[in-house]
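**Student:** One structure, as structure tokens, below. Some questions next.
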Amino acid sequence: MGEMIQFKRPDGKMSSGYLARPATGGDTAPGLVVIQEWWGLNDQMKKVADRYAAQGYRSLVPDLYRGKLAKDADEAGQMMNALNFGDAATQDIRAAALWLRASGAKVAVVGYCMGGALTLIASVKVPELDAGVCFYGIPPKQAADPAQMRVPFQGHFANKDTWCTPAAVSGLEADLKKTKVKWEIYRYDADHAFVNETRPDVYNAAAAKQSFERSLTFLKAHVG
């Protein structure tokens, strides 16, 4: 359904990513920058983009690891820790948003796990975005202060998450209350990565379905 494309970053370097196009709407369909988990741009992330494309969004997943994929959690952790989050947000993610916006369409960002944290950073720092949807990812406040959120924001979090803990989510809510943007936070009685169908140890079909439907309602309201 999709293809790999290249697009230019604001600093002039090239970035690549997986583009899934909707059946209708062509180049004027609303855009969605989809941000990978810490595993890399793998088949599961491509399927996420395909799923949003099937709902009418041009979905572009920037390849933040430049073609590398993690074989296990240890390697994924090392690759995530080696990633420059500021550069990923303000160069690769912004480049994807600029590419999608070239047709005049509105653009949102949606990310999972590591990509959820990057979604929050991008929603604060990338001016070309119109909305952000975050799945179980919160960056350190020095990376981006949620109180400076500049676009409508939706977050999905797991009550059994040991990384984005319920307390951390409550802190995020407190920061978002200081903003003037529309925001909504949903909590699920599930584990971290509950949307990832390739991980039977944590996948929660009911929570995955409900959160996807909520994201579609939110995206339709803010980017069309």
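A short reminder: the numbers here are calculations on the coordinates, not readings from a lab. Model, not experiment: these values are computed from the prediction. Counting neighbours? That spans all protein chains shown, and the Cβs are built from the backbone with ideal geometry, glycine included.
**Student:** Among Met14, Ala205, Tyr112, which residue has its Cα furthest toward the positive end of the charge dipole of the chain, with +1 on Lys/Arg Cβ and -1 on Asp/Glu Cβ?
**Tutor:** Met14
**Student:** At a 10 Å Cβ-Cβ cut-off, how would you order Ser211, Ser16, fewest neighbours first?
**Tutor:** Ser16, Ser211
**Student:** Counting other C-beta atoms within 10 Å, which of Leu60, Leu83 has the fewest, and how do the rest follow?
**Tutor:** Leu83, Leu60
**Student:** Hey, another quick one. Highest GNM mean-square fluctuation, the chain, Cα pairs closer than 10 Å: which of Asn84, Asn204, Asn196?
**Tutor:** Maximum among the listed residues: Asn84.
**Student:** Follow-up question, since we're still on this one. List the relative contact order of the chain as a percent without decimals, with contacts defined as Cα pairs under 8 Å and 6+ residues apart.
**Tutor:** Computed over the chain, the figure is 16 percent.
**Student:** Report the label-to-label distance for Asp175 and Asp201 in nanometres (one decimal), using points 7 Å from each Cα along the Cα→Cβ vector.
**Tutor:** Each label point lies 7 Å from its Cα, and together they span 2.8 nm.
**Student:** Next up: Using only helices, what value at 222 nm comes out for the chain when you add -39,500 (n - 2.57) per DSSP H run of length 4 or more and divide by the total residues, to the nearest 500 deg cm²/dmol?
**Tutor:** That comes out to -10000 deg cm²/dmol.
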